[in-house]
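Below is one structure; the comments refer to it alone.
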């Protein structure tokens, strides 16, 4: 399993953090719950269930601002960012 930035990240073998929300109105809700279902059925290299820690995301999304982008130059081939784009964030 390849970690997906901003969704889940392995913190040690067989153990990961998963961006999580219980807010059904949050666009992240479906992604988080689908990922949980898939990851819950996976095993680590020793055949043990993967331990999943749900990492709560903020109720109010953290978004990139015009000030954040001021003076930033994107390199060729680098993902760009736009004002208002939601950023990865957690409550911890």
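The values are calculated or read from the model by the stated rules, or taken from the named source; none is laboratory data. For clarity, every value in this text was computed on a predicted model and none was experimentally measured. Here the Cβ positions follow ideal geometry from the backbone for every residue, glycine too, while neighbour counts run over all protein chains shown.
Quick look at the values:
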{"item": "Residue match in the stretch 62-77 (condition: touching a residue at least 60 places away in the same chain (Cβ under 8 Å) and surrounded by 13 or more Cβ atoms within 10 Å (Cβ to Cβ))", "result": "no"}
{"item": "Residue in the stretch 36-52 that is at pLDDT below 95, within 16 Å of residue 6 (Cα to Cα) and either under 13 Å from the mean Cα position of the chain (by Cα) or surrounded by fewer than 10 Cβ atoms within 10 Å (Cβ to Cβ) (or both) present", "result": "no"}
{"item": "Condition met for residue 85 (surrounded by 12 or more Cβ atoms within 10 Å (Cβ to Cβ) and free of Cβ contacts under 8 Å to residues at least 40 places away in the same chain)", "result": "yes"}
